Amino acid sequence: MPLKHSRMVLEASPENKLKVEKRVHRLIPVFRGSLWPWHRVTSEGWENVPRSGPVLVLSNHVGMLDPITLIIAAKRQVHFLATRSLMQEPVISRVLQIAAVVPRKKLASDMKSIRRLKAWAEEGAAIGLFPEGLRTWDGHNSDVLPGIEKLIRLMGVPVVTARLINAYRQAPRWGAAMRHGRVHVEFDPPRDFGRRPNLKELRQYVIERTRVDPLQGWSVRGRRLAEGVENVLYACPACGVVEGLRSQGNTTTCQHCASSWRLDSDHVLHGSSGSLPLGEALQQQSARLSETWIADASQHRRDGTVLLSDPATLFDVSGDEMHTIADGRLRLTDETMSMVAPSGEAAWSVPLSDITVATVDMRRRLQFRTKSQAIELSMAEESVVKWVHFVNHWRKQA
């Protein structure tokens, strides 16, 4: 089945630059007004973003709306890179087309998209990057991508760093529903690193100036606060059973030991034994799993299975079209990952040593890059974060 990319990628030119800037200038009040009831954008230092001429905006990455939030806060059109999968979303893809976002491939080097972004800078436009490359699951900054400093040097324009504050509390990536609250953007003065910057110092500057404290911010309000939390908190805090939690409304309950917690808008779990910040619960989860990294010890003893998925379809997404590889259950052992067909046979298999990247696209798409292909499967119920954590652990062992 073909991938649904944007109908048109707008190329950089003086005419297109003027057309996009006029269009976005008219729509910024519309964007702000439509988001205001639940996503109130405020800013500090927006005057640090030059009103004209090329500039590179760098920010931490929290949610799908980050590009629009930064455009609203900067009061200037900014051309961002965005994964092609965003172009599959009916509403946001149209908004991104209006803002002339440059689509890029995920899990692969995509110099064509980089050249397109640089072409906009050469036309005097503002361009934007998220140095972490992926959205945070727990509010903490992810590692900055390797080589981001070289990419910044390639762009060769002044740099404005920015921080999205309270965005994790307002719209956690794992959440099934957004909260009503404020997202504040801080912009730093532009910094010109010259033609031959010290790459180590440049990288450190980006890390420090895009770092945020997930606990910093303001209160939000909303409903269904716990729904989706089991995507990141995939092991019960009480008994440790993997995939035991089920959430409804503001409550998550373990199906194994019947322990229950209410999650508030500040991401604190309240149970019969006391309160526990979600961040601490995630740390305890990692510490507990680090001893074994096995979901079901008895099954592992029987057949070596470390992790077994619900029924799903595996796709090859290496090219511009996605092709079905197999239907079945994804099975992880300490040496291989395979797709087990209903018949019990392995319909597809790869050694863990061949997997170079394991990540999540959108909220429920699990993606892997091997030495020869990019693969993907969508998980409707179980935790994709769990799969990334388990695969990354065992592939390092392999």
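Since every read-out is calculated from the coordinates, none of them should be taken as a lab result. This one's a predicted model, so the numbers in the text were calculated from it and none came from an experiment. Positions of Cβ are backbone-derived with ideal geometry, glycine not excepted, and every protein chain shown enters the neighbour counts.
Values computed for the structure shown
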quantity	calculated
Cross-link partners of Lys22 among lysines (Cα-Cα below 25 Å; sequence separation of 8 or more within a chain)	Lys75, Lys118
Cα gyration tensor shape for the range 17-83, rounded if a/c is under 1.5, else prolate or oblate	rounded
Under 14 Å, Cβ to Cβ, from Val206 - net charge with Lys/Arg +1 and Asp/Glu -1	+2
Separation of alpha-carbon centers, the range 185-253 and the range 96-123, rounded to whole Å	25 Å
Angle in degrees between helix 111-122 and the longest Cα principal axis of the chain, rounded to the nearest 10	30 degrees
Rounded, prolate or oblate (a/c below 1.5 giving rounded, otherwise prolate when a/b exceeds b/c) for the range 297-397 by Cα gyration tensor	rounded
Sorted by Cβ density within 10 Å, fewest first, the residues Ser59, Ser259, Ser93	Ser259, Ser93, Ser59
Least to most buried among Lys17, Lys150 (fewest other Cβ within 10 Å first)	Lys150, Lys17
Kirkwood Rh in Å, taken over all unlike Cα pairs in the chain	22.4 Å
